[in-house]
Amino acid sequence: MAITPMRRLEASRSLPGQVSLLGSRTLSDGRRVGTPINSAGVPTVAKSLSRIRSRALQLQGGRCFYCSVLMWTDDCGAFAKRHRLPLRLAKWLQCTAEHLQARQEGGRDSIKNIAAACRVCNHRRHAQRRIAPTPEEYRALVRKRVSKKAWHPPQVFERGLIGGG
Ligand SMILES: [Zn+2]
């Protein structure tokens, strides 16, 4: 039987002897990198990032920062069913945390630097070029494609998942 992420989390919680910053390491200049884990065994960075992502999603009315598609956060199956989309297509409409300024370039996990973006937009922004286009450049490009009913498969447009504000 496959171990679900939740099971794994519960398992890690119950491990004895967890220390507060397990999973992170300290560089020679004293900066700490990696994913800190709190005393309950929960990765704290990921948790706060998902909170920021949720807040961004709320501010954006549940829609992608770039293409304005409606996104899901928890239940891909329910989303697919509600909008009559095939699962393999719906999974690309998952809400992800998009770093407007990349982490490698010093971008932080803050509400100012995190936008809620669909998996398609997030993936494509970083997939093709070594240096991602700026958020403004990329948004303009995406909007242009969306206005021509491209970027997403036809079903996404037919189900009225793009638009609004
Ligand atoms: Zn998008």
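What you get for the stretch 64-163, charging only the Cβ of Lys and Arg (+1) and of Asp and Glu (-1), is a dipole of about 380 debye around the Cα centre.
Sort the following peptides by mean Cβ neighbour count (other Cβ atoms within 10 Å, averaged over residues), highest first: 113-125, 144-156, 60-72.
On the way: 113-125: 22.8, 144-156: 14.5, 60-72: 21.0.
Packing order, densest peptide first, comes out as 113-125, 60-72, 144-156.
May I ask you to compute the full-extension gain from ALA127 to ILE111, defined as 0.36 nm times their residue separation minus their alpha-carbon distance, rounded to one decimal in nm?
Between ALA127 and ILE111, full extension yields 3.4 nm more.
Rounded to the nearest 0.05, what FRET efficiency do LEU59 and ARG88 give with R0 = 30 Å and r taken as the Cβ-Cβ distance? Could you check?
On the way: r = 29 Å, r/R0 = 0.97.
In this case the efficiency is close to 0.55.
With a Förster radius of 22 Å applied to the C-beta separation of ALA78 and PHE157, the computed FRET efficiency comes to 0.55.
Other residues with beta-carbon under 10 Å from the beta-carbon of ASN113 carry, at +1 per Lys or Arg and -1 per Asp or Glu, a net charge of +1.
Listing HIS99, HIS83 from the residue with the fewest other Cβ atoms within 10 Å to the one with the most, what is the order?
Working: HIS99 22, HIS83 18.
By the 10 Å Cβ count, ascending, the order reads HIS83, HIS99.
Placing dummy labels 7 Å off each Cα toward the beta-carbon, the span from GLN104 to LYS149 is 3.7 nm.
Read the figures in this text as sums done on the coordinates, not as results from a lab. The structure presented is a predicted model; accordingly, all values stated were derived computationally and were not measured. Quick reminder, even Gly has a Cβ in these numbers, built from the backbone with ideal geometry, and neighbours come from all protein chains shown.
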